[in-house]
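Asker: Submitted below is the structure of interest, expressed as structure tokens.
The values are calculated or read from the model by the stated rules, or taken from the named source; none is laboratory data. Keep in mind that this is a model prediction, so the values were computed, not measured. The area values use the complete protein model at the heavy-atom level, side chains included, leaving out ligands, DNA and RNA. Shrake-Rupley method; radii C 1.70, N 1.55, O 1.52, S 1.80 Å.
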Amino acid sequence: QVQLVESGGGLVQPGGSLRLSCAASGTIGSINVMGWYRQAPGKQRDMVATITSSGTTTYADSVQGRFTISRDNAKNTVYLQMNSLKPEDTADYSCNAAIRPSGAISVFSIWGQGTQVTVSS
């Protein structure tokens, strides 16, 4: 069974920084795209940033220049460095990965359980 486990959320003041981590575990064959998504109360879940296995990144306009996504393929882990945080960044952040389990042909979209980020003074 493949799963994603996030860590690193918390409470931070405006202008502060946080680093989120998401590690995939289980019988993994390969991982293609990994990404971070967020959902604020009463709003839809939006893409924050994604990164392919070769390192190509995409960002939401609202976080461009403030957030950086990276990954360690050897550790099956994706990171989100968040700088210059704003109150509007407050949300539940979830990671997602397109994973092909070892021995399988199909690729599955796996979600982590989410981690809360609150930006407030």
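Asker: Where does each of ASP89, ASP72 land when they are ordered by accessible area, with a 1.4 Å probe and the largest first?
Answerer: ASP72, ASP89
Asker: Okay, moving on. State whether region 28-67 is rounded, prolate or oblate according to the following rule on the C-alpha gyration tensor (a ≥ b ≥ c being the square roots of its eigenvalues): a/c under 1.5 gives rounded; otherwise a/b larger than b/c gives prolate, and the remaining case gives oblate.
Answerer: oblate
Asker: Right, something else. How big is the chain by the Kirkwood estimate over distinct Cα pairs, in Å?
Answerer: Over the chain, the inverse of the mean reciprocal pair distance is 14.5 Å.
Asker: Please compute the per residue accessible area over region 1-60 with all protein chains in place, 1.4 Å probe, rounded to a whole number of Å².
Answerer: 54 Å²
Asker: Under the 0.36 nm per residue contour assumption, what length would be gained going from the current alpha-carbon distance of ASP46 and SER120 to full extension?
Answerer: Gain on extension, ASP46 to SER120, equals 24.6 nm.
Asker: Another one. With a 1.4 Å probe and all protein chains left in place, how much of the accessible area of the chain comes from carbon and sulfur atoms, in whole percent?
Answerer: Of the solvent-accessible surface of the chain, carbon and sulfur hold 47 percent.
Asker: At 1.4 Å probe size, with every protein chain present, just tell me what the per residue accessible area of region 61-121 comes to in Å². Each step should come with its number before you reach the end.
Answerer: Details: 3100 Å² over 61 residues.
Result: 51 Å² of accessible area for each residue.
Asker: If you don't mind, another one. Would you mind calculating the gained length between SER70 and GLN39 on full extension (0.36 nm times residue separation, minus the Cα-Cα distance), in nm to one decimal?
Answerer: The span from SER70 to GLN39 would gain 9.1 nm if fully extended.
Asker: Just need the relative contact order of the chain here, percent rounded to a whole number, with Cα pairs under 8 Å and 6+ apart.
Answerer: Averaging sequence separation for qualifying contacts and normalising by length gives 36 percent for the chain.
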